[in-house]
Amino acid sequence: MYKIVVAKELAPKIKWFEVYAPQVAEKAQTGQFLMVVTHEKSERIPLTIAGYDREKGTVAFAFNEVGRTTKELGLLKEGDYIWNITGPLGNPSEIKYFGKVLCVAAGVMIAPMRLQIEALRNAGNTIVAVIGARIKKLLFFKEEIKSLSHRFYTATDDGSEGYKGLDFLRELVASEKFDRCIVMGPVATLKKVSEITKPYRIPTIVTLMPPMVDGMGMCGVCRVTVGGEMKFGCVDGPEFDGHLVDYDELIKRQRMLLPEERLGSVLWEIGGCKCGGRKA
Amino acid sequence: MAEEKPKPKIKKKAVPMPKQPPEVRIRNFNEVALGYTEEQALEEASRCLQCPKPQCIQGCPVGVDIKSFIALLREGKYEEAIRKIKEKNSLPAVCGRVCPQEEQCQKYCVLGKVGDPVSIGRLERFLADWERARGFEIPEKAPSTGKRVAIIGAGPAGLTAAADLAKLGHDVTIFEALHLPGGVLVYGIPEFRLPKSIVKAEVEYIQKLGVDLRLGYMIGRTYTIPELLKDKGYDAVFIATGAGLPRFLGLPGENLPGIYSASEFLIRVNLMKAYAFPEYDTPIRVGKHVTVIGGGNVAMDAARSALRLGADKVSIVYRRTRDEMPARLEEIENAEEEGVIFRFLAAPNRFIGDERGWVKKMECIAMELGPPDASGRRSPIPIKGSEFLIDTDTVIIAIGRTPNPIIQRTTEGLQVTKWGTIITDENCKTSIEGVYAGGDVVTGEATVISAMGAGKKAARAIHEYLMTKK
Ligand SMILES: Cc1cc2nc3c(=O)[nH]c(=O)nc-3n(C[C@H](O)[C@H](O)[C@H](O)COP(=O)(O)OP(=O)(O)OC[C@H]3O[C@@H](n4cnc5c(N)ncnc54)[C@H](O)[C@@H]3O)c2cc1C
Ligand SMILES: Cc1cc2nc3c(=O)[nH]c(=O)nc-3n(C[C@H](O)[C@H](O)[C@H](O)COP(=O)(O)OP(=O)(O)OC[C@H]3O[C@@H](n4cnc5c(N)ncnc54)[C@H](O)[C@@H]3O)c2cc1C
Ligand code: SF4
Ligand code: SF4
Ligand code: FES
């Protein structure tokens with residue numbers, strides 16, 4: 001059982017938890033993830049490490065309340081317990097001096113991007129940060145990321161804040177030289193940014209979020225095709241060369257269990273299932 | 001005139017195992033085989049000839065004294081009988097259910113020459129269940145040695161070694177990456193073959209021995225083996241991480257939605273209890289026509305689980321014939337009774353998706369058997385031009401598993417084979433001092449009883465190492 005020591009809302013339906021898990025905090029590095037089991041009957045879900053404090057023994061993550069598991073997780077409060085946390089899993093990001101790094105994050109993944117930017121900045125890189133969301137009120141960490149980066153942009157799908165969409169990146173990468181690009185967010189964002197950086201041969205690292213069950217190389221549901229080869233997202237990733245990923249296959253695989261997930265979520269919301277009255 | 005000794009009347013037929021009828025059991029996940037009653041057990045035990053030179057024992061990988069335990073059972077001394085088994089086998093409730101007895105102990109029983117061999121596994125199960133119903137007694141532990149052992153993996157190899165080392169007075173910690181202990185016993189073998197409550201009871205017994213069980217610790221990530229030895233103060237490590245990495249076929253279309261590895265399918269069904277969805281939250285989609293590729297226990301388990309989850313039709317595609325199938329005979333028969341369709345001498349070529357990208361057909365090629373290969377089995381050879389299509393909307397690939405490479409990648413100096421299995425000597429010792437390994441991670445996919453045997457052997461070797469090292 002792992003105690004939630006800080007719980008706060010970053011934006012509507014986006015929560016931030018800090019959890020006491022000293023063995024995870026001891027080893028956590030940016031780019032890695034956790035498998036979280038909310039209660040005894042929950043799914044195992046992967047969430048990216050968004051912060052850690054080795055002294056306090058805490059590890060932080062942010063999550064979007066999208067389906068049943070994340071909604072149930074979102075009901076927990078400070079002082080409550082999470083049933084199980086395994087981690088850190090996956091390979092840490094490569095952190096060293098590259099030069100000028102373009103960091104693009106969308107949605108909930110802005111949270112782990114903050115940690116990554118901090119690490120890249122400490123390694124001496126020049127940071128150009130872009131954070132995006134569907135609408136203005138879903139943007140968060142603006143001040144934090146702005147203060148960590150040398151240049152900072154925002155974008156929204158509807159243009160309610162900053163640029164409208166990510167098309168402005170085309171001009172940006174055409175007009176100056178970047179040594180590396182890091183992208184985190186929904187697969188559509190990863191795909192789009194990778195397409196934009198490819199003609200300029202900017203090494204582009206994307207964090208893939210394929211479906212996962214165990215997160216430790218036992219089931220193969222996370223398999224993705226990268227450069228024509230089968231890779232396991234959990235043990236070979238989660239970061240991959242963005243120019244080599246077969247995004248269309250990944251999109252299809254992400255939709256795999258959609259009807260069942262909706263059903264699980266709806267049944268839970270109407271209280272039609274016997275899950276031990278977890279809904280508050 | 002010496003009177004001829006009356007020959008004992010040989011009972012050729014084994015007492016049949018009471019089972020749930022097929023039409024009932026394919027609608028539930030409860031155990032199929034119900035177990036002998038006391039009368040049935042005594043009746044079956046009475047068939048044993050108590051041979052002066054019992055052949056059966058050589059067939060048991062851990063050398064259970066079969067003749068003696070059956071003798072004790074016959075006298076009604078159940079407690080002594082189970083203790084006799086436990087001298088060699090610490091998980092009899094599990095082995096009685098899942099050992100491939102027809103390949104092991106029962107293969108050598110002399111009665112097999114004239115009729116059915118003695119049902120050794122069923123008797124073992126009877127005694128283990130009798131004991132569990134009464135509650136385990138906690139054996140005496142040796143005084144504390146002050147030595148600490150880390151065991152990686154809570155499958156049969158790890159659990160067995162933990163119990164033995166704890167009894168010898170060592171301070172034992174098991175690190176298990178998953179959120180539940182048991183290894184394949186909980187995430188692979190389905191409830192209808194091995195109820196999870198049995199594994200749970202065994203794990204509780206081990207915890208009562210004082211073993212510290214830490215769940216959600218992936219060694220290689222959370223801690224590495226060098227860290228366990230240097231920073232965390234462990235004097236020895238036993239690697240019992242099994243062979244959990246699923247193999248894929250490498251064929252076109254393999255990543256189409258609707259194609260699962262057997263591990264994914266069984267983990268969702270067993271560990272995450274997808275069969276109780278939506279009470280348990282892990283979903284699974286089982287289509288109308290399920291095709292399972294492979295011929296081992298894993299393939300049978302996947303096929304029979306798919307039937308229970310409501311598939312209309314489940315077929316197993318296997319490239320050799322029924323005789324070469326590596327699955328336990330009893331489970332092949334169970335699958336047949338339940339209506340699983342077998343397509344022998346066929347192998348997949350590629351997978352074809354529908355407009356949404358979901359698998360809808362599988363192209364196969366027919367095979368014929370050629371001369372025996374190195375393993376002594378006749379190897380299948382594709383027949384040119386024999387391609388044919390199968391309609392299917394769910395495919396489960398059950399063609400084998402290899403060790404997970406995380407530990408091998410994060411432990412410098414650990415010698416492994418090109419298949420990723422860890423190299424050890426006959427006492428489970430690896431290339432690193434104080435580090436031992438056993439079970440599927442050393443042998444590749446094998447059996448529960450052989451993994452347990454390795455756990456016992458490793459425990460003895462580790463004990464010796466700890467007590468002699470300065
Ligand atoms: C390596 C990795 C790291 C991740 N890190 C984070 C993180 O830091 N914060 C966070 O909020 N989420 C993260 N995710 C995604 C997160 O795991 C899913 O949102 C979560 O599993 C949803 O569970 P649920 O039961 O609430 O929703 P479900 O009922 O499973 O799904 C609800 C909806 O979300 C969609 N969905 C589910 N999983 C994904 C996915 N992987 N990608 C895109 N859409 C998905 C479903 O299709 C469905 O529409 C990560 C995923 C991976 C693989
Ligand atoms: C579906 C299926 C059916 C089977 N049926 C039978 C049968 O009927 N009869 C039979 O005799 N055998 C059967 N087998 C084979 C048998 O289960 C295995 O041979 C046996 O379980 C091996 O035991 P083990 O302890 O070596 O490994 P496992 O049981 O695989 O246990 C290894 C454990 O280590 C954990 N682990 C892995 N990596 C790490 C890490 N880095 N850190 C921490 N923990 C880790 C795993 O999560 C797992 O819990 C079957 C196997 C499967 C998959
Ligand atoms: S452990 Fe297995 S092989 Fe040995 S006697 Fe028991 S059933 Fe037979
Ligand atoms: S070989 Fe068969 S009959 Fe003889 S002792 Fe063993 S079980 Fe009994
Ligand atoms: S999540 Fe199961 S192998 Fe990657």
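Each reported figure results from applying straightforward, stated rules to the coordinates on display, with no laboratory input. Values in this document were obtained by computation on a predicted structure and should not be read as measured data. A quick note on method: Cβ atoms are made from the backbone with ideal geometry, for glycine too, and the neighbour counts reach across all protein chains shown.
Some notes on this structure:
- Its relative contact order, with pairs defined as Cα atoms under 8 Å and 6+ residues apart, puts region B:1-116 at 27 percent.
- Comparing A:G215, A:G99, A:G132 in a Gaussian network model of chain A where C-alpha atoms under 10 Å apart are linked, the largest mean-square fluctuation is found at A:G99.
- Within 10 Å of the Cβ of each residue in B:255-263, the mean number of Cβ atoms contributed by other protein chains is 5.
- Available extension along the chain between B:R378 and B:D231 is 47.8 nm, counting 0.36 nm per residue and deducting the alpha carbon span.
- Rounded to 5, percent antiparallel among DSSP beta bridges of the protein assembly as shown: 50 percent
- Residue-averaged [θ]222 nm for chain B, counting only DSSP H segments that reach four residues, each worth -39500 (n - 2.57): -9000 deg cm²/dmol
- Global form of the protein assembly as shown, assessed from the alpha-carbon gyration tensor, a/c cut-off 1.5: prolate
- Each 10 Å bin from zero holds the following percent of Cα-Cα pairs in region A:1-53: 21, 56, 23, 0.
- MRE, 222 nm, helices only [DSSP H, n ≥ 4, -39500 (n - 2.57), over chain A, to nearest 500]: -7500 deg cm²/dmol
- Both the radius of gyration and Dmax for region A:93-207 are 12.7, 35 Å, in that order, over alpha-carbon atoms.
- Highest average first, the peptides B:369-382, B:201-214 ordered by how many other beta carbon atoms sit within 10 Å of their residues are B:201-214, B:369-382.
- On the beta carbon distance between B:E324 and B:R134, with R0 = 51 Å, the FRET formula returns roughly 0.75.
- Percentage, to the nearest whole number, of Cα pairs in region B:75-205 over 26 Å apart: 30 percent
- Lysine-lysine proximity count for region A:129-179, Cα under 20 Å, sequence distance 8 or more or distinct chains: 6
- GNM top mover of A:C103, A:C234, A:C219 - chain A, alpha-carbon springs below 10 Å: A:C219
- Percentage of interatomic Cα-Cα distances in chain A larger than 37 Å: 10 percent
- For the residue pairs B:K167/B:K208; A:K198/A:K252; A:K15/A:K41; B:K19/B:K313, alpha carbon separations beyond 19 Å are given by A:K198/A:K252; A:K15/A:K41; B:K19/B:K313.
- Residue-averaged beta-carbon neighbours from other chains (10 angstrom radius) around A:20-32: 2
- Estimated dipole of region A:2-89 in Debye, rounded to 20 [Cβ of Lys and Arg +1, of Asp and Glu -1, Cα centre]: 140 debye
- Length-normalised contact order of region A:93-207 in % [C-alpha pairs under 8 Å, at least 6 apart]: 28 percent
- For the residues of B:347-359, the average number of beta carbons from a partner chain within 10 Å of their own beta carbon is 1.
- Extension gain, A:K164 to A:D241, is 25.1 nm, computed as 0.36 nm per intervening residue step minus the present C-alpha separation.
- In terms of packing, defined here as the mean over residues of other Cβ atoms within 10 angstrom, the peptides A:161-171, A:175-185, B:234-244 line up highest first as B:234-244, A:175-185, A:161-171.
- When the alpha carbon gyration tensor of region B:193-272 is reduced to an equivalent ellipsoid, the three semi-axes, largest first, read 32, 22, 9 Å.
- Near the amide H of B:N349, within less than 5 Å, lie the amide hydrogens of B:E363, B:C364, B:I365, all on another chain or at least 5 residues away, with H placed in the peptide plane.
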